[in-house]
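Asker: What follows is a structure written as structure tokens; I'll ask about it next.
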Amino acid sequence: MEWETVIGLEIHAQLSTKSKLFSGSSIEYGQEPNTQANVVDLAMPGVLPVLNAEAVRMAAMFGLAIGAPIGRGNVFARKNYFYPDLPQGYQISQFDKPIVELGHIDITLEDGETKRVGVTRAHLEQDAGKSLHEDFAGMTGIDLNRSGTPLLEIVSEPDMRSAKEAVAYMKKIHELVQYLGINDGNLQEGSFRCDANVSVRPKGQEEFGTRAELKNINSFKFVERAINIEVERQIDLIEDGGSVVQETRLYDPDKNETRSMRSKEEANDYRYFPDPDLLPIEITDEFLEEVRKTLPELPGVKFKRFVEEYDLSEYDAGVLTANIATADYFESVAKSADAKLAANWITGELSSHLNKEDLSINDSPVNAAMLTGLIKRIEDKTISGKIAKQVFEAMWNAEGGTDESAADKVIDAKGLKQITDSGAIESIIDEIIANNPAQVEQFQSGKDKVFGFFVGQVMKASQGKANPAQVNQMLKDKLST
Amino acid sequence: MDNQMINKSLAELSVGLQSGKFSSVELTQFYLDRIASHDSELNAFITVTAEQALATAKTADEKIASGSASGLTGIPLAHKDIFCTDGVKTSAGSKMLDNFIAPYNATVVEKLKSISMPMLGKTNMDEFAMGSSNENSYYGAVKNPWDLDRVPGGSSGGSAAAVAAKLAPIATGTDTGGSIRQPASLTGITGIKPTYGRVSRYGMIAYASSLDQGGVFASSAADSALLLEAMSGFDAKDSTSVDIPVPDYSTTLNDSLQGLKIGLPKEYFEEGLNSEVAKVIEAAVEEYKKLGAEIIEVSLPNTHLAIPAYYVIAPAEASSNLSRFDGVRYGYRCEDPVDLTDMYMRSRGDAFGREVKRRIMTGTYALSAGYYDAYYLKAQKIRRLISEDFQKVFEKVDVIMGPVAPETAFKIGEKSDDPISMYLSDIYTIALNLAGLPGMSVPAGFANNMPVGLQIIGNAFTEGKMLNVAHQYQQATDWHKQTPSKYAVSEGEK
């Protein structure tokens with residue numbers, strides 16, 4: 001039988017606020033345990049939550065970016081359950097009235113087709129603390145630094161049909177929240193986390209199969225692998241006459257398998273009810289207008305503009321707009337240097353250097369000003385493209401300083417300036433012709449291929465500095481006579 | 001120190017302090033001495049904070065000397081043990097918090113501390129404010145100063161008994177379903193629960209967040225006005241506190257009641273109201289007629305739904321509010337738990353009393369999947385109906401009056417095995433908590449030798465009018481001046 005996979009994702013994006021969702025404590029990562037927990041975070045008797053307005057603004061930005069209505073009277077609800085790292089005994093979340101209602105996002109599939117994925121909702125909620133089971137000899141340590149950190153939970157429709165689509169969606173959301181400046185995109189530190197609801201059904205069947213929820217899949221790679229392995233498990237199970245049970249499953253990346261964590265029967269009854277300590281959030285038109293003004297140019301719009309304004313290929317525009325740092329880097333170079341050259345250098349030389357050393361573009365040793373200086377010298381023919389790679393390499397290794405003059409300094413220091421003096425080029429050509437009579441004869445008897453040999457010899461003799469166009473022209477003239 | 005002190009109003013005490021007739025240290029010591037001699041039989045205090053009180057009194061005296069004092073500076077008070085007090089045990093009447101030293105001050109405590117009002121101690125209460133008799137305290141029942149065999153009402157029974165027996169000139173309380181008005185009524189003192197949002201709930205241990213409101217116990221409306229004003233106001237730490245200015249309640253106390261429209265809800269005078277209590281209320285209404293008020297019969301048709309709605313909403317919120325008491329970070333933890341579930345179950349099982357467990361279970365049930373709509377949502381609908389009942393009536397009248405409780409103080413133990421009958425004693429007080437409205441209890445006489453309170457209900461944020469209405473009555477009568485003989489000091493006596 002042919003099977004179809006159905007996937008929906010729940011993404012938890014930690015909002016880049018300064019303080020927690022309902023208290024003034026800092027949310028900085030990696031601090032000493034319990035140094036960022038005040039009486040509110042500790043859920044001392046009598047304390048009350050006060051909503052962080054910045055978190056509301058960020059959630060509204062996300063909503064506007066995915067074309068979703070913003071809940072005008074959205075409500076915080078308590079999700080009740082006991083756990084030692086949940087000090088209140090309930091998580092303040094949103095239930096039936098989330099801040100962001102149904103929106104959508106477009107993803108690009110491998111075949112280049114665009115697919116629209118529904119975003120059911122996004123809501124604000126508090127993160128829990130951490131239980132530390134190691135180092136406490138039979139006891140559990142509790143770190144409440146993370147407790148109360150603002151999260152935006154983004155829930156998709158079950159619109160994805162393959163692990164690859166799921167990853168494309170996850171990447172798109174990942175890119176968007178960073179564009180909006182509401183999340184730092186850090187998967188390792190857990191500020192961007194993902195759970196996947198996976199089910200299979202016979203192709204053509206409308207009804208969904210029973211789903212399993214996969215947890216602990218916090219990288220793009222693991223999401224793809226976990227979904228694929230889970231799909232395989234479900235299909236095998238059904239084909240062997242069994243049936244999928246609704247449950248939460250944990251992905252083990254070492255063994256590349258999913259295993260049952262808890263079944264639906266064991267699931268908590270969370271007893272959601274509106275939090276009486278917090279009033280509904282009233283969203284006004286004025287507020288939304290203010291938020292709208294702060295929205296940056298979104299990836300799709302930027303993509304179109306790059307194609308039109310800079311005359312880039314769709315491929316280049318896609319690569320350059322994949323994250324905001326790259327897009328900004330490109331625009332910074334393109335404002336005073338040739339856009340196409342800038343695109344080529346960023347998607348080519350720069351990317352491969354960054355990948356090799358696993359650096360983000362923000363940490364690139366060659367900054368936008370330095371690349372601008374380099375491209376200007378290619379444009380004005382001070383150096384050839386080939387020499388430019390040498391200059392780039394030198395700048396990458398911290399030669400020439402860190403401003404736009406870096407390329408010039410390297411060119412001067414290494415004497416890489418292109419030779420455009422036709423007299424100088426002519427004397428090199430004359431010498432090469434004189435030293436290679438056999439090849440001259442071959443060329444003149446019709447073997448055009450030998451022409452390349454002469455070009456190579458001239459470039460070699462000039463240490464690559466002779467202007468290639470001039471070399472070509474002059475060689476042609478000399479050899480034909 | 002003159003024993004007549006206990007018969008003085010706050011205004012008189014203030015004049016005495018400011019004029020140097022006596023110091024705050026002397027006044028505070030005077031009340032600490034009264035607590036020392038009388039509280040062993042009343043059990044009104046869980047903690048007496050003599051040292052702290054005297055230290056604050058000393059600061060108060062310095063402020064008075066340097067001219068930087070406000071009207072209440074130097075006047076001692078007692079706080080219900082539900083308000084967090086920095087460095088002082090804050091138990092909420094529960095074994096769960098018997099070892100809990102609060103690390104911060106509630107906003108109310110902070111406000112009164114900032115004007116150097118010495119805190120005499122923390123008063124006894126029903127565990128987590130759940131109860132109407134003060135029998136549900138881990139620290140034992142509080143006695144009614146009028147009859148030591150009877151309850152003082154609850155849940156703020158300790159504060160009420162302390163003020164009634166003159167162990168403190170004033171005290172704070174909280175009222176979720178009547179926990180200020182009912183004990184004020186049963187102990188013959190003045191109590192006011194302001195509009196929801198008027199007084200900050202920050203640092204007030206939550207029972208039912210949407211109903212809880214801090215308020216005042218005092219010997220008169222005039223005294224209540226002074227303390228309420230000092231406690232009230234917007235607090236950025238409480239999202240449900242309301243940002244409207246606090247009026248000077250004292251300036252309107254003497255407004256005339258000529259033409260005042262008083263509504264008497266017929267539902268408050270039906271079956272269930274003790275006939276002796278009814279007579280007292282009727283007499284009080286007659287007194288208001290003499291003061292120029294017009295009496296209008298009104299109807300609050302959904303009154304009978306208030307108790308059922310309350311006993312869904314309050315336990316539902318409580319079941320969640322009390323989840324934080326898990327033995328993990330503070331409070332009671334059972335000995336040698338074998339695992340997490342054992343720790344939760346035994347810590348909570350050992351440390352919560354019966355009534356608290358009953359309400360946690362009721363509330364958990366009401367919020368459970370499959371029951372939420374039938375209970376919690378329906379109760380919220382009733383809540384809206386009740387609120388609308390009041391708004392309709394307030395189109396026609398300035399204040400509503402009626403009894404606070406159907407009976408006078410009952411005997412200790414009389415109802416402790418019958419929770420339903422206990423719940424029914426809140427019939428006249430609960431509705432206005434559901435509507436968020438302010439209510440007062442004003443001493444109006446005696447039935448079977450026990451005090452009876454007249455309830456005054458106002459529209460939202462009309463505390464000034466209510467205090468005026470109560471004060472005018474107290475100018476015309478002297479029910480509020482009655483003190484149980486055992487604790488009284490007659491005029492001329494030293």
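Asker: If you average the C-alpha positions of segment B:165-204 and of segment A:63-79 separately, how far apart do those two centres end up, in angstrom?
Answerer: Result: 39 Å between the Cα centres.
Asker: Return the aspartates and glutamates within reach of A:LYS172: Cα separation strictly under 12 angstrom, same-chain partners fewer than 8 residues apart disregarded; answer none if there are no such residues.
Answerer: Cα-Cα hits under 12 Å: A:ASP106.
Asker: Can you work out the FRET efficiency for the pair A:GLU232 and B:LYS392, with r the C-beta to C-beta distance and R0 = 56 Å, to the nearest 0.05?
Answerer: On the way: r = 66 Å, r/R0 = 1.18.
Plugging the Cβ-Cβ distance into 1/(1 + (r/R0)^6) gives 0.25.
Asker: Among the lysines, which fall within straight-line cross-link reach of A:LYS465, defined as a Cα-Cα distance under 25 Å, with same-chain neighbours fewer than 8 residues apart omitted?
Answerer: By straight Cα distance, A:LYS465 reaches A:LYS340, A:LYS376, A:LYS381, A:LYS386, A:LYS389, A:LYS409, A:LYS414, A:LYS417, A:LYS449, A:LYS476, A:LYS478.
Asker: Find out how many positive minus negative residues lie around A:PHE220, taking Lys and Arg as positive, Asp and Glu as negative, among other residues whose Cβ is under 13 Å from that of A:PHE220. Can you show the working numbers first?
Answerer: Details: positive: A:LYS164, A:LYS171, A:LYS172, A:ARG193, A:LYS221, A:ARG225; negative: A:GLU165, A:GLU175, A:GLU224.
Neighbourhood net charge equals +3.
Asker: Now for a separate question. Strictly over 29 Å apart at the Cα level, which of B:LYS113/B:LYS193; B:LYS279/B:LYS486; B:LYS111/B:LYS381; A:LYS18/B:LYS89; B:LYS289/B:LYS381 would you flag in this model?
Answerer: On the way: B:LYS113/B:LYS193 21 Å; B:LYS279/B:LYS486 27 Å; B:LYS111/B:LYS381 36 Å; A:LYS18/B:LYS89 34 Å; B:LYS289/B:LYS381 36 Å.
Beyond 29 Å: B:LYS111/B:LYS381; A:LYS18/B:LYS89; B:LYS289/B:LYS381.
Asker: Please name which of A:LEU187, A:SER26, A:THR402 has its Cα lying farthest along the dipole of the protein assembly as shown towards the positive end, using unit charges on Cβ (Lys, Arg +1; Asp, Glu -1) and the Cα centre as origin.
Answerer: A:SER26
Asker: If each of A:LYS460 and B:ALA11 carries a label point 7 Å out from its Cα toward its Cβ, how far apart are those two points in nm?
Answerer: About 11.2 nm, to one decimal.
Asker: Quickly work out the B:GLU41-to-A:GLU399 label distance, labels modelled 7 Å from Cα along the C-beta direction, and quote it in nm with one decimal.
Answerer: Rounded to a tenth, the inter-label distance reads 10.1 nm.
Asker: For A:ARG292 and A:ARG161, compute 0.36 nm times the residue count separating them, minus their Cα-Cα distance, and round to one decimal in nm. Please list the in-between numbers first.
Answerer: Numbers: separation 131, 0.36 × 131 = 47.16 nm, distance 3.27 nm.
Gain on stretching A:ARG292 to A:ARG161: 43.9 nm.
Asker: Let me ask something else about it. Whole number in Å², please: accessible area per residue of the protein assembly as shown, 1.4 Å probe, ligands, DNA and RNA not counted. Working shown, then result.
Answerer: Working: 39670 Å² over 975 residues.
Each residue of the protein assembly as shown exposes 41 Å² on average to a 1.4 Å probe.
Asker: If you wrap a convex hull around the Cα atoms of chain A, how much volume per residue is inside, in Å³?
Answerer: Values: hull volume 110.0 nm³, N = 481.
Output value, Cα hull per residue: 229 Å³.
Asker: Add +1 for every Lys or Arg and -1 for every Asp or Glu among the other residues with Cβ under 13 Å from the Cβ of A:TRP396, and state the total.
Answerer: Values: positive: A:LYS356, A:LYS389; negative: A:GLU349, A:GLU357, A:ASP363, A:GLU393, A:GLU399.
Net charge in that neighbourhood comes out at -3.
Asker: Taking each pair of different alpha-carbon atoms in segment A:348-397 once, compute 1/r for the pair, average those values, and report the inverse of that mean as the Kirkwood hydrodynamic radius in Å to one decimal. Write out the running numbers ahead of the final one.
Answerer: Working: mean 1/r = 0.0896 Å⁻¹.
It is 11.2 Å.
Asker: Moving on. With the crude spin-label approximation of a point 7 Å out along Cα→Cβ, what separation in nm comes out for A:LEU187 versus A:GLU206?
Answerer: 3.7 nm
Asker: I've got another one for you. How much length would be gained if the chain were fully extended between B:ASN449 and B:GLN18, taking 0.36 nm per residue of separation minus their Cα-Cα distance, in nm to one decimal? Display every interim value, and only then the final one.
Answerer: Details: separation 431, 0.36 × 431 = 155.16 nm, distance 3.86 nm.
Length gained, B:ASN449 through B:GLN18: 151.3 nm.
Asker: Would you mind giving the average projected area, over all directions, of the Cα convex hull of segment A:147-219 in nm² with one decimal?
Answerer: For segment A:147-219, averaging the hull's shadow over all directions gives 5.9 nm².
Asker: Could you work out the relative contact order of segment A:3-287, using alpha carbon pairs under 8 angstrom and six or more residues apart, expressed as a whole percent?
Answerer: On the way: 641 pairs, mean separation 69.7, N = 285.
For segment A:3-287, the relative contact order is 24 percent.
Asker: Distance from a point 7 Å along Cα→Cβ of A:PHE451 to each backbone N in segment A:466-481: keep the residues under 17 Å and list them by number.
Answerer: A:468-481, by backbone N distance to the label point.
Asker: Given a 1.4 Å probe and every protein chain left where it sits, what share in percent of the accessible area of chain A is carbon and sulfur? If you can, show how the numbers build up before the last one.
Answerer: Details: 11010 of 22730 Å².
Accessible surface attributable to carbon and sulfur in chain A totals 48 percent.
Asker: While we're here: Mind grabbing the interface size between A and B? I mean buried accessible area, both sides, 1.4 Å probe, in Å² to the nearest hundred. Don't jump to the answer; show the numbers that get you there.
Answerer: Details: alone 24150 and 18270 Å², together 39670 Å².
Counting both chains, the buried surface is close to 2700 Å².
Asker: Run the numbers for A:ASP412 and A:SER480: contour at 0.36 nm per residue of separation, minus the present Cα-Cα distance, in nm. Provide the component values of the computation, followed by the final result.
Answerer: Working: separation 68, 0.36 × 68 = 24.48 nm, distance 3.60 nm.
Separation in residues times 0.36 nm, less the Cα-Cα distance, equals 20.9 nm.
Asker: While we're looking at this one, here's another question. Quick one: Karplus J couplings for segment B:270-281, per residue in order, coefficients 6.51, -1.76, 1.60, θ = phi - 60°, nearest Hz, x for Gly and Pro?
Answerer: Karplus-based 3J(HN,Hα) across segment B:270-281 equals 8, 3, x, 7, 4, 5, 5, 5, 4, 4, 4, 5 Hz.
Asker: Using the scaling law 2.2 N^0.38 Å as the reference, what is the normalised Cα Rg of segment A:3-287?
Answerer: On the way: Rg = 19.3 Å, N = 285, 2.2 N^0.38 = 18.8 Å.
In units of the 2.2 N^0.38 Å rule of thumb, it is 1.02.
Asker: To continue, here is another question. About the Cα centre of chain A, how large is the charge dipole given +1 on each Lys and Arg Cβ and -1 on each Asp and Glu Cβ? Please answer in debye to the nearest 20. Numbers along the way, then the final one.
Answerer: Details: 52 positive and 78 negative charges, 164 e Å.
For chain A, the charge dipole is close to 780 debye.
Asker: Shifting gears a bit: Using just the Cα positions, wrap segment A:297-414 in a convex hull and report its mean projected area in square nanometres, one decimal place. Each step should come with its number before you reach the end.
Answerer: Working: hull surface 26.9 nm².
The number I arrive at for segment A:297-414 is 6.7 nm².
Asker: Per the Kirkwood formula on distinct C-alpha pairs, the Rh of segment B:1-131 is how many angstrom? Could you put the intermediate results ahead of the total?
Answerer: On the way: mean 1/r = 0.0661 Å⁻¹.
Taking every pair of different Cα atoms in segment B:1-131, averaging 1/r and inverting gives 15.1 Å.
Asker: Leaving ligands, DNA and RNA out of it, report the carbon-plus-sulfur percent of the accessible area of chain B at a 1.4 Å probe.
Answerer: On the way: 8600 of 16950 Å².
In chain B, the share of accessible area belonging to carbon and sulfur is 51 percent.
Asker: Taking the Cα of B:CYS334, stepping 7 Å toward and past its beta carbon, and measuring to each backbone N in segment B:62-106: which are under 15 Å?
Answerer: In segment B:62-106, the label zone of B:CYS334 (backbone N under 15 Å from the point 7 Å along Cα→Cβ) covers B:96.
Asker: Using bins 10 angstrom wide from zero, how does P(r) for chain B break down, in % of all Cα pairs?
Answerer: The distribution over chain B is 4, 21, 33, 27, 12, 3, 0, 0, given as percents.
Asker: Computed FRET efficiency, Cβ-Cβ of A:ASP358 and A:GLU309, R0 30 Å: what is it to the nearest 0.05? Show your work: numbers first, answer last.
Answerer: Details: r = 31 Å, r/R0 = 1.05.
Working from the Cβ atoms, E equals 0.45.
Asker: Could you tell me how far the Cα centroid of segment A:171-213 sits from the Cα centroid of segment B:261-336, in Å?
Answerer: Each part reduced to its Cα centre gives a spacing of 50 Å.
Asker: Take the Cα atoms of the protein assembly as shown, build their convex hull, and give its volume per residue in Å³. Walk me through the numbers on the way to the answer.
Answerer: Values: hull volume 227.4 nm³, N = 975.
Per residue, the Cα convex hull of the protein assembly as shown comes to 233 Å³.
Asker: Please report the relative contact order for chain A, taking Cα pairs under 8 Å with a sequence separation of at least 6, and give it as a percent rounded to a whole number. Working shown, then result.
Answerer: Values: 852 pairs, mean separation 64.1, N = 481.
Dividing the mean separation by the residue count of chain A yields 13 percent.
Asker: I need the P(r) histogram for segment B:323-476: all alpha carbon pairs, bin width 5 Å from 0 out to the longest distance, whole percents.
Answerer: With 5 Å bins starting at 0, P(r) equals 2, 7, 11, 13, 13, 13, 13, 11, 8, 5, 3, 1, 0, 0.
Asker: Between B:ILE101 and A:LYS381, what's the calculated FRET efficiency when r is the beta-carbon distance and R0 is 60 Å? Round to 0.05. Don't jump to the answer; show the numbers that get you there.
Answerer: Values: r = 79 Å, r/R0 = 1.32.
Plugging the Cβ-Cβ distance into 1/(1 + (r/R0)^6) gives 0.15.
The values are calculated or read from the model by the stated rules, or taken from the named source; none is laboratory data. Predicted model only: the values in this text are computed from it and were never measured. So basically every Cβ, Gly included, is an ideal-geometry build from the backbone, and we count neighbours across all protein chains shown. The accessibility values were calculated without ligands, DNA or RNA, using every heavy atom of the protein model including side chains. Shrake-Rupley method; radii C 1.70, N 1.55, O 1.52, S 1.80 Å.
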